[in-house]
1. Placing unit charges on C-beta atoms (Lys and Arg positive, Asp and Glu negative, everything else neutral), compute the dipole magnitude of the chain about its Cα centre in debye, rounded to 20.
2. Sticking with the crude label model, points 7 Å out along Cα→Cβ, report the distance from residue 219 to residue 56 in nm, one decimal please.
3. DSSP H helices in the chain with Cα extent of 20 Å or more along the helix axis and mean Kyte-Doolittle hydropathy at least 0.0?
4. Could you tell me the calculated FRET efficiency between residue 276 and residue 350, based on Cβ-Cβ distance and R0 = 41 angstrom, to the nearest 0.05?
5. Rounded to a whole number, what is D in µm²/s for the range 38-116 from Stokes-Einstein with the Kirkwood radius over alpha-carbon pairs (20 °C, 1.002 mPa s)?
6. Suppose the chain between residue 230 and residue 316 were pulled fully straight at 0.36 nm per residue; how much longer would it get relative to their current alpha carbon spacing?
7. How large is log10 of I(q)/I(0) for the chain at q = 0.07, 0.12, 0.14, 0.15 Å⁻¹ when the intensity is taken from the Debye formula with one equal scatterer per alpha-carbon?
8. Past the 18 Å Cα-Cα mark, which pairs from 209/315; 63/210; 225/264; 339/366; 340/366?
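The values are calculated or read from the model by the stated rules, or taken from the named source; none is laboratory data. Remember, predicted model here, so these are calculated numbers, not experimental data. We place every Cβ from the backbone using ideal geometry, glycine too, and count neighbours over all the protein chains shown. Heads up: the accessible areas ignore ligands, DNA and RNA and are worked out on the full protein's heavy atoms, side chains in. Shrake-Rupley method; radii C 1.70, N 1.55, O 1.52, S 1.80 Å.
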Amino acid sequence: MNYRAPRGTYDILPEDQAYWRFVTEQTRQVCELYGYEQIDVPVFEQTALFERGVGETTDIVEKEMYTFLDRSDESMTLRPEFTAGICRAYAERKLHGRPQPLRLYTIGPAFRYERPQAGRYRQFHQVDVEVLGSQDPAIDLEVMQVAWQIYEAVGIKGLSFQVNSTGCPACRPGYIQTLKSWYEQRLDGICGDCRRRYGQNPLRLLDCKKEACSAMADEAPRIAKSLCNDCDDHFGRLRSYLDALDRPYEVNHRMVRGFDYYTKTVFEVWAEGIGAQNAVCGGGRYDGLIGMVGGPETPAIGFASGIERIILTMKQEGIEPPDTPKPSVFVAYLGAEAKKAAVLLAQELRTAGIRTAALWEDRSLKAQMKQADRLGAGCVLIIGEDEVKDGVVTVRRMADSTQATVPRADVVEAVSGGDAP
Ligand code: AMP
């Protein structure tokens with residue numbers, strides 16, 4: 001029987017880890033620079049949380065969730081995103097009792113049963129950033145700045161920031177009505193999916209990628225004209241902050257995002273050249289969600305960025321992460337007595353905090369040297385019968401192949417500077 005990784009999943013092999021480590025470390029640093037604290041929520045939650053939180057008519061809830069009955073016949077779902085779980089934690093753990101706003105971030109896997117393609121997986125990873133307890137547009141700006149700074153920190157350029165306002169429960173229904181009346185005369189010109197959206201989730205008519213639908217959506221009435229005073233003022237102030245910052249962004253009237261919970265600000269970041277799945281980041285304000293999942297009415301905003309897509313973009317732009325650390329020393333030995341001495345030496349080196357590799361397979365010295373070279377070790381400490389007898393170790397520096405004999409008692413000290421004597 002040959003087992004295979006499930007479709008849409010993949011292994012992150014050792015040689016890929018440098019990217020992952022670099023991106024997650026840079027992300028943490030930026031989040032902490034802005035004063036965001038880490039939170040971790042469960043990988044699975046009660047299904048009803050996502051149905052309610054993400055929205056019954058969204059693609060995610062309708063067809064992408066990994067839902068199962070646990071052994072107590074309770075319906076559980078692998079998290080398709082983080083926001084609902086964080087809002088549940090905020091309400092359940094009474095995080096609203098802490099000084100507000102609360103700035104949080106988390107990094108981890110999410111799961112969606114999507115059609116896999118480049119940049120789209122069934123198990124993928126997100127960095128997720130949320131601010132709970134503030135409705136000031138300066139917070140919307142701050143959250144966008146965190147995203148910007150993460151991309152800057154990993155060296156990505158050439159991104160496009162797309163911003164829109166999606167209104168609120170006071171003004172969005174009116175806009176949806178306007179949109180539906182406009183589309184009513186044009187149903188013959190749109191695709192089958194869009195006709196379904198017309199009935200179920202009309203805002204999604206605006207982000208259909210098919211050519212005819214897209215051309216029509218360009219002509220459709222814009223939400224900007226339907227915003228209530230509160231939403232209009234909020235969006236106006238956010239834009240004035242964005243303009244002051246002098247970072248390029250675009251107001252995209254057709255961007256509505258795939259979740260029901262967004263209110264007011266929505267934004268995405270697009271990268272060129274990584275294929276059809278070009279969104280590296282998506283987010284927005286969700287002033288009603290915490291109330292909806294049982295907490296006090298609390299305004300909030302956040303974004304999630306796909307780590308796979310950040311890495312794809314880095315590769316596309318030729319950005320290489322720093323190397324993962326290599327062993328400082330490699331311990332080689334010849335003979336049974338020497339092996340015992342080598343095991344002890346390796347133990348002593350590691351206790352002293354020196355990265356140490358060895359091959360305990362009783363191979364020839366040549367084979368051990370080859371392995372040390374392959375691992376990129378800085379030097380090889382050789383112990384043979386003579387060394388054991390004389391109480392010394394032969395230290396071979398790999399960079400220039402020079403060798404020195406060092407008393408056994410001094411060898412840890414001698415290599416602890418990271419350099420061979
Ligand atoms: P969303 O939660 O749908 O707003 O997505 C936020 C970000 O997560 C997107 O911009 C992508 O970078 C990433 N993302 C979403 N779905 C997937 C997926 N199936 N595979 C890889 N990355 C994804």
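1. Details: 51 positive and 60 negative charges, 151 e Å.
Approximately 720 debye in magnitude.
2. So the label points at residue 219 and residue 56 sit 3.4 nm apart.
3. Details: long enough: 17-33 (24 Å, -0.64); 137-153 (24 Å, 0.42); 229-245 (24 Å, -0.81); 336-351 (23 Å, 0.07).
The answer, listed by residue number, is 137-153, 336-351.
4. Values: r = 48 Å, r/R0 = 1.16.
Calculated transfer efficiency: 0.30.
5. D, rounded to a whole number, is 159 µm²/s.
6. Details: separation 86, 0.36 × 86 = 30.96 nm, distance 4.11 nm.
The residue 230-residue 316 span can extend by a further 26.9 nm.
7. -0.48, -0.98, -1.22, -1.35
8. On the way: 209/315 26 Å; 63/210 20 Å; 225/264 13 Å; 339/366 16 Å; 340/366 20 Å.
Distance filter (> 18 Å) returns 209/315; 63/210; 340/366.
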